[in-house]
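Asker: This structure is in structure tokens; I'll ask about it shortly.
Every number here is computed from the coordinates shown, using simple stated rules; none is lab data. Predicted, not measured: the structure shown is a model, and the values here were computed from it. Quick reminder, even Gly has a Cβ in these numbers, built from the backbone with ideal geometry, and neighbours come from all protein chains shown.
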Ligand SMILES: NC(=O)c1ccc[n+]([C@@H]2O[C@H](COP(=O)([O-])OP(=O)(O)OC[C@H]3O[C@@H](n4cnc5c(N)ncnc54)[C@H](O)[C@@H]3O)[C@@H](O)[C@H]2O)c1
């Protein structure tokens with residue numbers, strides 16, 4: 001079965017007038033799709049960040065051109081480096097007069113059997129995916145606490161729940177992101193901040209197609225009830241729901257964006 005990709009869903013002003021910060025938003029995947037969606041859903045200003053300087057500037061220009069919003073700012077940051085994280089959040093807070101919504105998109109994966117895994121590879125994936133999300137969440141919570149409001153949306157993965165060969169490091173990191181989301185949400189509720197996460201199954205953007213084998217990709221797509229991978233914008237839609245007031249009674253939740261069985 002192959003359920004066709006539905007028509008692109010146009011904006012409904014879900015986050016009208018809000019300011020948004022998104023990490024890892026200069027790639028071909030969910031981050032940039034979320035940035036585009038945020039503008040289409042009515043945000044008044046947006047900071048997009050990435051570790052890759054060249055692609056970031058191009059992404060800022062592209063976002064401005066495609067959406068017409070001029071309040072689009074780029075800031076290079078590595079989510080693993082505490083100084084970068086604090087500079088990014090302070091910059092966003094000052095430039096946009098407060099950050100209403102943070103989308104923690106940065107995460108990194110490789111494929112390796114556990115018995116062949118070197119510490120270096122394990123640490124790198126845990127560092128970007130889990131520790132990076134923790135650093136962004138920790139400092140953003142401090143800043144949002146002062147204002148007494150804000151929403152954080154983390155990008156997890158169904159692999160935080162499910163087993164897959166060669167993914168022990170990534171799955172452990174994403175399970176960590178889920179636990180972090182739940183615990184941080186409890187603390188943040190005390191000062192009016194909501195924290196949730198989306199758990200996508202698979203989004204086959206061009207970069208991922210380059211790095212994974214055709215066989216594996218075909219297998220993963222076949223596992224989906226829809227027989228296809230998600231479009232990046234379909235995950236971004238779920239992020240917008242979690243970022244908007246439509247999810248005002250949700251915090252500490254992990255929302256699956258998947259059609260996978262079992
Ligand atoms: N693509 C999928 O199938 C899929 C499935 C489930 C979850 N996810 C998660 O979604 C998120 C986005 O992944 P994507 O595949 O859509 O790619 P993406 O294009 O959204 O993100 C890739 C970007 O991350 C940037 N980046 C890498 N390390 C960074 C760091 N240390 N600091 C800041 N930026 C960094 C890269 O430069 C690149 O531009 C990740 O957290 C990923 O784990 C992806």
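Asker: Can you show me the helix-derived [θ] at 222 nm for the chain, built from DSSP H runs with n ≥ 4 at -39,500 (n - 2.57) apiece and divided by the number of residues, rounded to the nearest 500.
Answerer: Dividing the helical sum by the residues of the chain leaves -13500 deg cm²/dmol.
Asker: Run the paramagnetic zone check for residue 114: 7 angstrom along Cα to Cβ, then residues of the range 168-190 with backbone nitrogen under 19 Å.
Answerer: Once the point is set 7 Å along Cα→Cβ of residue 114, 168-179 turn out to lie under 19 Å by backbone N, inside the range 168-190.
Asker: With N denoting the number of residues in the chain, provide Rg(C-alpha) divided by 2.2 N^0.38 Å, to two decimal places.
Answerer: Working: Rg = 17.4 Å, N = 262, 2.2 N^0.38 = 18.3 Å.
Ratio of Cα Rg to 2.2 N^0.38 Å: 0.95.
Asker: Please report the antiparallel percentage of DSSP beta bridges with both residues in the chain, rounded to the nearest 5.
Answerer: Working: 1 of 28 bridges.
Here the share of antiparallel DSSP bridges comes out near 5 percent.
Asker: Sorted by packing (mean other beta-carbon atoms within 10 Å per residue), highest first, where do 48-58, 17-27, 111-121 land? Please report the intermediate quantities before stating the final value.
Answerer: Numbers: 48-58: 18.5, 17-27: 25.1, 111-121: 10.7.
Highest-to-lowest ranking by the protection proxy: 17-27, 48-58, 111-121.
Asker: Moving to a separate point now. If you count the DSSP beta bridges with both ends in the range 129-262, what percent of them are antiparallel, to the nearest 5?
Answerer: Looking only at bridges with both residues in the range 129-262, the antiparallel portion is about 10 percent.
Asker: Tell me, what is the percent relative contact order of the range 132-215, built from C-alpha pairs under 8 Å that lie six or more residues apart?
Answerer: After rounding, I find 37 percent.
Asker: Mind telling me which of 59, 201, 213 comes out most flexible in a GNM of the chain, alpha-carbon contacts under 10 Å?
Answerer: Among 59, 201, 213, the largest mean-square fluctuation in the Gaussian network model of the chain belongs to 213.
Asker: Now for a different question. So how far, in whole Å, is the C-alpha centre of the range 136-157 from the one of the range 56-88?
Answerer: If you average the Cα positions of each part, the centres end up 18 Å apart.
Asker: For the ranges 185-193, 37-45, 3-11, what's the packing order if you count other beta-carbon atoms within 10 Å of each residue, average per peptide, and put the highest first?
Answerer: Order by mean packing, descending: 37-45, 185-193, 3-11.
Asker: How high is the relative contact order of the chain? Use alpha-carbon pairs under 8 Å, at least six apart in sequence, and give a whole percent. Spell out each step's value before the answer.
Answerer: On the way: 519 pairs, mean separation 54.4, N = 262.
Across the chain, relative contact order equals 21 percent.
Asker: Also, quick follow-up: Could the peptides 246-253, 128-135, 227-234 be put in order, highest first, of the mean number of other beta-carbon atoms found within 10 Å of their residues? Don't skip to the answer; put the middle values down first.
Answerer: Working: 246-253: 14.8, 128-135: 22.4, 227-234: 18.6.
The packing order, highest mean first, is 128-135, 227-234, 246-253.
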